[in-house]
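One structure is given here, and the rest of the page talks about it.
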Amino acid sequence: MSVSNGLEKVIIIGSGPAGYTAALYAARANLNPLMIDGGVGVGQSMQGAGGQLTITTEVENYPGFPNGIMGPELMMQMREQVARFGTRFVEDLVTKVDFSERPFKIWVEDTVYTAQVVIVATGAAAKWLGIDAEKPIWEGGLGGVGVSACATCDGALPLFRNKELLVVGGGDTAIEEAHYLTHFASKVTIVHRRDSLRASKIMQQRAFENPKIAFAWNSAVVDIKDPNAKRVTSAVLQNTITGELTEQECAGVFIAIGHRPNSDLFKGQLDMDENGYLKAHRDVRTSVPGVFVCGDVQDHEYRQAITAAGSGCMAAIQAERLLALEGDLILPMSDLPWQ
Ligand code: NDP
């Protein structure tokens, strides 16, 4: 085991909009933050540095970019901005944490880092069906050019205007996304693997009453065409009872089968709900004093870049307040405020 260079004031785990904003505020408060950014990522659900925005295309709802900005570009700009104020990076994944006492310990393989304050910003990942067509376009799929896991992010793009779209899933997210998409699409078909929805009754009613929403019951999307054309032209549906295959024309497929918070690392260390989302107080405290949390790993409700960034700012301000209170000391957790 190797030990990194001394005690850090603040370590930020994760590097999406929440982590970068936390780093920006912490760096400008002279806390000299160290960010462990998630590394290169593996596959579609493990996005690595930059998080979920690195697998979207155009972001039109982040304030300050009247003409929109590509997701990966926005993340690169955030990274440049925090580097300019002195944030240091470890380009890797955290493999273990110990938050049982201060200073907190964070491992990257065999190297252990120690910190007075930790900001958790590990985000969440959309669940995917696992078919090739979901891969990003540079890997031969249709991700980013018609296949998306976020209607709020991508639904208003011109390629979906007045076109027929599919939404996969039967929960509240699927209904909400379908409803949102009806503002742009000519028709939205919800493809669900069973014959009844999981969504809350009020959301179901909303969907049933919307004349632009149709349903494909007992159906699974097993393929999406046409990667050769680099756009979505149809989806192949399989009846989950009879196995029958049908093809449905559409210009986009939105996968809304749930998200998974990236919180496995914190099991047994931080309180989380039954779905793995970290429990956070309104002021971004976790169950461990001195560990703050921001972004999608604690938010299953809003899940937007801007709300993640806002909570990242709050986490850094809380870190600054705590460190100012301690001065040169490292108080035991029992002596920290906010018990
Ligand atoms: P859920 O887990 O509630 O629903 C996921 C849906 O996707 C289910 O219908 C499930 O089918 C289906 N599904 C899961 N895996 C697959 C798969 N591999 N292939 C096909 N279908 C699949 O996730 P949501 O994101 O919808 O909601 C998460 C939480 O957020 C919930 O608590 C929800 O209430 C909340 N929420 C609230 C909103 C609101 O109040 N406005 C809006 C959005 C979310 P099956 O039913 O067969 O399991």
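The values are calculated or read from the model by the stated rules, or taken from the named source; none is laboratory data. Since the structure is predicted, the reported quantities are computational estimates derived from the model, not experimental observations. Here Cβ is always computed from backbone atoms with ideal geometry, including for glycine, and neighbour counts include all displayed protein chains.
The table below gives the values:
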{"quantity": "Total residues in the stretch 236-271, condition assigned to a strand (DSSP E or B) and closer than 29 Å to GLU301 by Cα", "calculated": "7"}
{"quantity": "Of all residues in the stretch 180-194 being more than 10 Å from the ligand (Cβ to nearest atom) and not in a strand (DSSP E or B), the one that is modelled with the lowest pLDDT", "calculated": "TYR180"}
{"quantity": "Residue match in the stretch 200-208 (condition: at pLDDT 95 or above, outside any helix (DSSP H, G or I) and surrounded by fewer than 18 Cβ atoms within 10 Å (Cβ to Cβ))", "calculated": "no"}
{"quantity": "Members of the stretch 256-276 found to be within 16 Å of the ligand (Cβ to nearest atom) and in contact (Cβ under 8 Å) with a residue 24 or more places away in the chain, listed by number", "calculated": "ALA256, ILE257, GLY258, HIS259, ARG260, PRO261, ASN262, SER263, ASN275"}
{"quantity": "Criterion violated by GLY123 - all others in (1) surrounded by 17 or more Cβ atoms within 10 Å (Cβ to Cβ); (2) more than 29 Å from GLN248 (Cβ to Cβ); (3) more than 16 Å from the ligand (Cβ to nearest atom) satisfied", "calculated": "(3)"}
{"quantity": "Search result, residues across the stretch 3-30 that are surrounded by 22 or more Cβ atoms within 10 Å (Cβ to Cβ), not β-branched (Val, Ile, Thr) and not in a helix (DSSP H, G or I)", "calculated": "GLU8, GLY14, SER15, GLY16"}
{"quantity": "Residue list for the stretch 283-317, restricted to those being under 29 Å from ASP154 (Cα atoms) and either at pLDDT below 95 or of a type in the set (Val, Ile, Thr) (or both)", "calculated": "VAL284, VAL293, VAL297, HIS300, GLU301, TYR302, ARG303, GLN304, ALA305, ILE306, THR307"}
{"quantity": "Test: VAL145 is among the hydrophobic types (A, V, I, L, M, F, W, C) and modelled with pLDDT of 95 or more", "calculated": "no"}
{"quantity": "Filter result for the condition that a residue is surrounded by fewer than 19 Cβ atoms within 10 Å (Cβ to Cβ), more than 16 Å from the ligand (Cβ to nearest atom) and outside any loop (DSSP other than H, G, I, E, B), over ARG321, ARG282", "calculated": "ARG321"}
{"quantity": "Residue match in the stretch 132-150 (condition: surrounded by fewer than 17 Cβ atoms within 10 Å (Cβ to Cβ), within 16 Å of the ligand (Cβ to nearest atom) and over 22 Å from ASP264 (Cβ atoms))", "calculated": "yes"}
{"quantity": "Enumeration of residues in the stretch 179-211 that are under 14 Å from CYS250 (Cα atoms) and of a type in the set (Lys, Arg)", "calculated": "LYS187"}
{"quantity": "Residues that are away from the ligand (no atom under 11 Å from the Cβ) and more than 28 Å from the chain's Cα centre (by Cα), drawn from the stretch 218-237", "calculated": "ASN228, ALA229"}
{"quantity": "Members of the stretch 238-255 found to be within 16 Å of the ligand (Cβ to nearest atom) and crowded, with 16+ Cβ neighbours inside 10 Å, listed by number", "calculated": "GLN238, GLN248, VAL253, PHE254, ILE255"}
{"quantity": "Count of residues meeting criterion [part of a strand (DSSP E or B) and either under 18 Å from the mean Cα position of the chain (by Cα) or closer than 22 Å to LEU278 by Cβ (or both)] in the stretch 77-111", "calculated": "9"}
{"quantity": "Selection within the stretch 132-162 - under 19 Å from ALA308 (Cβ atoms) and either among the β-branched types (Val, Ile, Thr) or in a helix (DSSP H, G or I) (or both)", "calculated": "ALA151, THR152, CYS153, ASP154"}
{"quantity": "Qualifying residue in the stretch 297-308 (condition: among the hydrophobic types (A, V, I, L, M, F, W, C), under 30 Å from PHE65 (Cβ atoms) and part of a loop (DSSP other than H, G, I, E, B))", "calculated": "no"}
{"quantity": "Where GLY170 falls short, out of the listed (1) part of a loop (DSSP other than H, G, I, E, B); (2) away from the ligand (no atom under 16 Å from the Cβ)", "calculated": "(2)"}
{"quantity": "Residue that is farthest from the ligand (Cβ to nearest atom), among those in the stretch 199-217 that are out of contact with any helix residue (DSSP H, G or I) (no Cβ under 8 Å at 6 or more places or on another chain) and of a type outside the set (Phe, Trp, Tyr)", "calculated": "PRO211"}
{"quantity": "Subset of the stretch 112-126 (residues that are in a strand (DSSP E or B) and touching a Gly at 6+ places or on another chain (Cβ under 6 Å))", "calculated": "VAL117"}
{"quantity": "Single residue of LEU129, LEU165 found to be closer than 24 Å to LYS225 by Cα, part of a loop (DSSP other than H, G, I, E, B) and either touching a residue at least 40 places away in the same chain (Cβ under 8 Å) or not assigned by TED's automatic domain parsing to the domain that holds MET203 (or both)", "calculated": "LEU129"}
